[in-house]
1. Quick check on the range 25-37. Is at least one of its residues of a type in the set (F, W, Y), under 23 Å from M325 (Cβ atoms) and free of Cβ contacts under 8 Å to residues at least 60 places away in the same chain?
2. Sort through H309, H253 and tell me the only one that's buried (at least 16 other Cβ atoms within 10 Å of the Cβ) and more than 30 Å from F172 (Cβ to Cβ).
3. Considering every residue within the range 381-394, establish whether at least one is touching a strand residue (DSSP E or B) at 6+ places or on another chain (Cβ under 6 Å) and under 22 Å from M179 (Cα atoms).
4. Could you list all residues from the range 285-326 that are under 26 Å from the mean Cα position of the chain (by Cα) and small (G, A, S)?
5. Of E307, E318, which residue is touching a strand residue (DSSP E or B) at 6+ places or on another chain (Cβ under 7 Å) and part of a loop (DSSP other than H, G, I, E, B)?
6. Suppose we filter the range 355-413 for residues that are within 29 Å of M325 (Cβ to Cβ) and of a type in the set (F, W, Y); how many remain?
7. Given the conditions (1) within 21 Å of G357 (Cβ to Cβ); (2) out of contact with any strand residue (DSSP E or B) (no Cβ under 6 Å at 6 or more places or on another chain), report the number of the one that W45 does not fulfil.
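The values are calculated or read from the model by the stated rules, or taken from the named source; none is laboratory data. In this text the structure is predicted, and so the values were computed from the model without any measurement. Neighbour counts run over all protein chains shown; Cβ positions are idealised from the backbone, glycine included.
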Amino acid sequence: MTAPQTAEQPVYDPSDPSVMANPFPIYAKLREDDPVHWSPSLKSWIITRYTDVRDLLLSDHLSVNRLATFYQSLPPADAVLLKDIVHYLNLWLAFRDPPDHTRVRRILRHAFTASAIEHMRPNITEITDLLLDRLESGGRNEVDLIREFALQLPAFVIMDLLDVPRDMLDDFKEWSDDMAVFIGGARNSGDKYERAERGCRKMSSYFAQLIKERTENPKPGFLMDLISARDEGDKLSEDELIATCILVLFAGHETTTNLIGNATLLLLRHPDQLAKLKSDPALIDSAIEEVLRFDGPTNALVRVAAEDHDLHGRQIREGERVFVMVNSANRDPRIFKDPDRFDITRQQNRHLTFGQGIHLCLGAKLAREEGRIAVERLFARFQNLALDPSEPPEWLDAMVPRGTRHLPVLLNG
């Protein structure tokens, strides 16, 4: 059984609105006082130090195949309800251990190439300018930057990538949000199983039909590359193709939406750093890296213990859930000098936001490219962009993603 909590130890409660808005003070306490923290509310381990997070992500002690145990423990009615979504999620790279993970990633690398991302740059720029034009021509000063820019940009990029018409944005946003309450670890959604089932059913049906049509009528592009991808004759099954399309759409837009939103918020809250960026636009790459470190779009990665093992005197038992807190690791003073200072000129920025080892995010290069173009062009277009003082940002109620649900801004100060 897990070690009991003592009165002196800090308690991590992600449902606390103040923690949701700013989790970094409690992370600092946990790193110093209880780096292998048992959360009674989550019934999970919380790992907060950089070296521990990195080493666990690289080790065999943890498994990403956390759905099997969860699914087996469900009451029969919930198990029936979640059957389809668990089936498809189990086919995601994010939930597969070797050798299945090795096989699928080897096939996918033929579609996720550096040159493919490079060819997307003009499209990312075109979508960015289209959305900025809409903001500028709308005649309004007060806007929600998430809803009207940060969400739409990566969604359109991914939809173009997968051959999905842009006018389906609202449908895909609804389906993705329904799945996110389950996948992202929403804390306060009582109907999350029903919503997850509905979102997965609609999205998988759509992609099954789209893959069928594209197979019968080949057309050059990323989706065709996925369908045609082979590695020594091996290819993705139909269900693996559907699951991969869902993963690309879901993960590809959510992470980048949060990156763009967090970058905008941080630069507006740190006007000295924004001034540096405006005076030297070449700093955009290091600025994006610092956003990814300082308050990145991924708060935690979730694993399950594959075997019993000790860490800092605590015994983590096989089957127990483990949250490796990358956003805490990225503020560890053992690794980063003055870690609570937002510095877009920071060097040696070895953040863990996109993971480590075999599960390093395949879409990291695309997310960086979208973030760079979006932030660069947003502040170039709206020189006096400011936070709306009458309405604070609203943070996502989730354990895994980290970002704002609403980010009210004034386009012209």
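1. Just the residues of the range 25-37 that are of a type in the set (F, W, Y), to begin with: 27.
The next check asks that each one be under 23 Å from M325 (Cβ atoms); those that pass are 27.
In the following step, the residues that additionally are free of Cβ contacts under 8 Å to residues at least 60 places away in the same chain were identified as none.
Checking the range 25-37: not a single residue is of a type in the set (F, W, Y), under 23 Å from M325 (Cβ atoms) and free of Cβ contacts under 8 Å to residues at least 60 places away in the same chain.
2. H309
3. yes
4. Hits for the range 285-326 are S286, A287, G296, A300, A305, A306, G319.
5. E318
6. Looking only at that region, the number is 1.
7. (2)
Residue-wise test of (1) in contact (Cβ under 8 Å) with a residue 60 or more places away in the chain; (2) among the hydrophobic types (A, V, I, L, M, F, W, C); (3) surrounded by fewer than 22 Cβ atoms within 10 Å (Cβ to Cβ).
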| site | (1), (2), (3) |
| --- | --- |
| K202 | no, no, yes |
| L210 | no, yes, yes |
| E216 | no, no, yes |
| D225 | yes, no, yes |
| D239 | yes, no, yes |
| C245 | yes, yes, no |
| L259 | yes, yes, no |
